[in-house]
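Undergrad: After the structure tokens below, expect a handful of questions from me.
The values are calculated or read from the model by the stated rules, or taken from the named source; none is laboratory data. In this text the structure is predicted, and so the values were computed from the model without any measurement. Cβ: placed from backbone, ideal geometry, glycine included. Neighbour counts: every protein chain shown. We work out accessible area using only protein heavy atoms, side chains counted, and drop any ligands, DNA or RNA first. Shrake-Rupley method; radii C 1.70, N 1.55, O 1.52, S 1.80 Å.
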Amino acid sequence: MGIKVGVQIHAKPEIYEQIKFARSLGFDNTQLLVWDMSLYTDAFADEVNRACRDFDFKITGLWCGWFKTGMFAYPEMYETIGFIPVATRHQRMLDMLKGAEFARKIGVEDIITHMGFLPDDPNDEDRLGAMVTIKHICKTIAPYGQRFLFETGEELPISLVQFIKSIGEDIIGINLDPANMLINGRGNSYDSLCMFAPYVRGFHAKDGVYPKDGAPKGHEVLVGTGEANFPKLIDKLTEIGYDGYLSIEREIKEGDQRNAEIIKTKKYLESLIKKSARKYKLKKFFKSLFKKD
């Protein structure tokens, strides 16, 4: 299949029209994001499935929100995001399992969410508690052939890799968001991808810049204008044999500007993918010429 470009859709009751509109922009796939858990119904699943049939459209993953929406601003982000805050951890586990159940109704294998600000200390109580929670989620969804992906952004790359290894479940993967890594000052996008490579099963096409002048956070920018270095990222994805989707995420107000930027990003990414595939093919060809018998 090769790398394909998609767009993230923030699910609303009018999902049929949302998918129809995404198709009109030239997309045939989405990573569906759900914060409104009242949408986890049979009727809504039927609408998603109907739209996918009618428009030859694919849901590549379900991004699951949780009880009490996380606040991504500083400093609230430390106490409100993901599975690290103990006060909301159990309910969020139930929310993820509910999301996984809904994902099965629409034929989706991958469920995705933020882990949160994972402590680096392997003996930290919150880290250990989150580990138990994640293991339970994995044990519950594994019989259905589903996978659980961490979206990156709050963790140091090495800490997340060590955490995944310590959990020991082979259905865990990573949905890499290079912009989040930059915005939170957690890691260079390319180096992070190199470290995450064995686990990458999803990818948010989003760009950003590092925090500047002591600010606690950086900010998102149009793909190709930030510090993520997408040409280098896509070359690496091609090299490691990534055979999945780049889901464009542009977190600005819906409207003509956002639509225009999404279309521009789609063309930019598809151009990079073609160039990268040609370079990789040539590299393999020349390598084969000098290969010893």
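Undergrad: Does LEU128 fit the bill of being of a type outside the set (Asp, Glu) and buried (at least 21 other Cβ atoms within 10 Å of the Cβ)?
TA: No; evaluated as a whole, the condition is false for this residue.
Undergrad: Could you check region 6-29 and list, in sequence order, the residues that are in contact with a Ser or Thr (Cβ under 7 Å, 6 or more places away or on another chain) and touching a residue at least 60 places away in the same chain (Cβ under 8 Å)?
TA: GLY6, VAL7, GLN8, ASN29
Undergrad: Before we move on, is ALA197 open to solvent by less than 40 Å² (accessible area, probe 1.4 Å) and over 19 Å from VAL5 (Cβ atoms)?
TA: In short, yes.
Undergrad: Follow-up. Looking at the structure I just gave you, is PHE102 in contact with a helix residue (DSSP H, G or I) (Cβ under 7 Å, 6 or more places away or on another chain), of a type in the set (Phe, Trp, Tyr) and more than 24 Å from THR30 (Cα to Cα)?
TA: no
Undergrad: How many residues does region 100-120 contain that are outside any loop (DSSP other than H, G, I, E, B) and closer than 23 Å to GLU76 by Cβ?
TA: 3
Undergrad: In addition: Just to be sure I understand, how many residues within region 149-167 are touching a residue at least 40 places away in the same chain (Cβ under 8 Å) and in contact with a helix residue (DSSP H, G or I) (Cβ under 9 Å, 6 or more places away or on another chain)?
TA: Initially, region 149-167 is screened for residues touching a residue at least 40 places away in the same chain (Cβ under 8 Å), giving 149, 151-152, 154-155, 159-160, 162-163, 166.
After this cut, where a residue has to be in contact with a helix residue (DSSP H, G or I) (Cβ under 9 Å, 6 or more places away or on another chain) as well, the list is 149, 151-152, 154-155, 159-160, 163, 166.
Number of matching residues: 9.
Undergrad: Could you grab the pairs with beta carbons closer than 6 Å, sequence gap of 6+ or different chains, first residue in region 258-284 and farther than 13 Å from LEU222 by Cβ and open to solvent by less than 100 Å² (accessible area, probe 1.4 Å), second one acidic (Asp, Glu) and not in a helix (DSSP H, G or I)?
TA: Between residues of region 258-284 that are farther than 13 Å from LEU222 by Cβ and open to solvent by less than 100 Å² (accessible area, probe 1.4 Å) and residues that are acidic (Asp, Glu) and not in a helix (DSSP H, G or I), there is no close pair.
Undergrad: Would region 201-223 turn up any residue that is of a type in the set (Gly, Ala, Ser), in contact with a helix residue (DSSP H, G or I) (Cβ under 6 Å, 6 or more places away or on another chain), surrounded by 15 or more Cβ atoms within 10 Å (Cβ to Cβ) and not in a strand (DSSP E or B)?
TA: Yes, region 201-223 has at least one match.
Undergrad: Being open to solvent by 70 Å² or more (accessible area, probe 1.4 Å), within 30 Å of ILE183 (Cβ to Cβ) and either at pLDDT 95 or above or of a type outside the set (Phe, Trp, Tyr) (or both) is the filter here; which residues of region 39-75 pass it?
TA: Within region 39-75, LYS58, LYS68, THR69, MET71, PRO75 meet the criteria.
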